[in-house]
Every structure is written in C-alpha cells, then in structure tokens.
C-alpha cells in the first residue's frame, strides 16, 4: 500500500508528505539510529519516538517509505521543513509505538 | 565512464546537526550518475556512519569519495585520538561515545559494524593518538 493509504487507514497526522505514492513494503521500530541503519530496509515504515534532525538523515539514507512518530512526540518545525526538502515522508500519531506496530501489522505482514 | 570521479568533503566536527551533509550529497551525486539504488544505499549509510564517528570521536575530518566504473571507494581521514583496540571497536554494542551522544540516538556501538556490513571491504589504519584513516569499497 502507499504511504497516503497507510496514513488514511491508520488515521496518522501528516507532518510532511512529499512522496504520497511511496510503497510501504515492511516496517521497523527503533530509536537507536545506527541500529535502525543496520536493520531497517528500504520501503519500510519506520516507527520511532526520536525527533532530532538526524532522524531525517537516517530516514533519507535508509530509503524508508515513511517515518511515523509515536506518542505524539514533539518535533521542531525546522526539522519538519528539513524533511520536506529531503523528500522524507513524516507522520505522527498519539498512539504508542507498540500500539502503532499492532495496528500496522496487518498492512505489512 | 572510464575516468574516476572524485568528491571531497570537509566534515565539521563542531556541528553534530549537519553531520550527514556529505552522505546526502554523495547519495544525490550517485543517483545522478545512474548507480543502482542498493549500491547508493550501502555507500551512503556506510559514509554516514563514518561521518558521525568523525564528529563524535575526532572533532571532524575529511571524506574523499572516488567513483570508479565498478566500485565506489570512500576514504575517511581524521586527526582524532585514534582507535586503541580495533577488534573491540568492531564488536556490535561496544561504544566509547559519551552519554550526551546517546541522547541523540547514537553511541549504540553500531557505527563500525554497520560500515563493515554495508561495504565490501573495510580497512582501518589507526593507532592511539594518531588519528584514523578508514578506506571502504562498495562494488556495484
């Protein structure tokens, strides 16, 4: 499914949707950025509560389809702007990462 | 493409937030040159880990990327404290990064292991107090 379809299906807040047609082919959850770079695959939806600027670089370099912030994690407008210039799809939810994994599972399994 | 293309980047050791500029730029350049997405992904992640390491441990450094027809070579040079025990540093989970770095999501002890994971060859030339020169190759 596309990121746009996933955002609609899971009722995710859209912070930046530069590439709504990107295909979500899997998922990965984690906050340690190097760990994510070692394990996330291109096309994954990445679930995290980390919101610093390096998240955008990691999302871009790993080629994940989208980054989904859990627990309504606060993120600076400047970082959302960077996501937009780097072509990173950035979404958010009030749900915890655990609850998001559960909700996401049927769409990517 | 017979001629070797060379890119040079200075990695600013003061600015943790701009770490990754070189990796993002090389990703863009390789994409323009038409390299396969998986090759670009491996190069840019390996390079990013190298950049982050230079910022965390060495106060910055330099990155040179040589684009050959069938492989990409990355040479990362710094004048930091060097790596005392390379075998230990190569172990997943081993880190000497300070706690302040962990709050940024780094310092998991995955930097060098990821550089090895995503490159086809990794050579580390270092000694305590004498900086570090890392050469990585990714074959297309």
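Rounded, prolate or oblate: which one fits the stretch B:71-140, using the alpha carbon gyration tensor with axes a ≥ b ≥ c (rounded when a/c is under 1.5, else prolate when a/b beats b/c, else oblate)? Each step should come with its number before you reach the end.
Numbers: a/c = 1.92, a/b = 1.31, b/c = 1.47.
Judged from the Cα gyration tensor, the stretch B:71-140 comes out oblate (a/c at least 1.5, b/c at or above a/b).
If you take the Cα atoms of the stretch B:5-139, find Rg, then find the Kirkwood Rh from the mean of 1/r over all pairs, what is Rg/Rh? Could the numbers behind the result be given before it?
Details: Rg = 13.9 Å, Rh = 14.7 Å.
My calculation puts Rg/Rh at 0.95.
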Mind jotting down a quarter of the surface of the convex hull over the alpha carbons of the stretch B:39-93, in square nanometres, one decimal? 4.5
Cβ crowding within 10 Å averaged over residues, with B:51-57, B:81-87, B:39-45, B:133-139 ranked highest first: B:51-57, B:39-45, B:133-139, B:81-87
When N counts the residues of the protein assembly as shown, how does its alpha-carbon radius of gyration compare numerically with 2.2 N^0.38 Å, as a ratio? 1.00
Here the stretch A:3-108 gives, from Cα atoms, an Rg and Dmax in Å of 11.9, 33
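In units of 2.2 N^0.38 Å, what is the alpha-carbon radius of gyration of the stretch A:20-65?
Numbers: Rg = 9.6 Å, N = 46, 2.2 N^0.38 = 9.4 Å.
Here the answer is 1.02, to two decimals.
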Residues of the stretch B:3-19 with backbone nitrogen within less than 15 Å of a virtual label 7 Å along the Cα-to-Cβ line of residue B:64, please, listed as ranges. B:4-11
Which angle between 0 and 90 degrees, to the nearest 10, do you get for helix B:21-32 versus the longest principal axis of chain B when only C-alpha atoms count? 20
Taking every DSSP bridge whose two residues both lie in the protein assembly as shown, the antiparallel percent to the nearest 5 is 75
Cα-based Rg/(2.2 N^0.38 Å) for the stretch B:73-112, rounded to two decimals, is 1.26
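What percent antiparallel are the DSSP beta bridges of the stretch A:3-108, to the nearest 5?
On the way: 3 of 14 bridges.
Within the stretch A:3-108, antiparallel bridges account for around 20 percent of the total.
FYI, it's all coordinate maths here, none of it is from the lab. A quick note: this is a predicted structure, and the numbers were derived from the prediction, not measured. Positions of Cβ are generated from backbone atoms using ideal geometry, with glycine treated the same way; all protein chains shown enter the neighbour counts.
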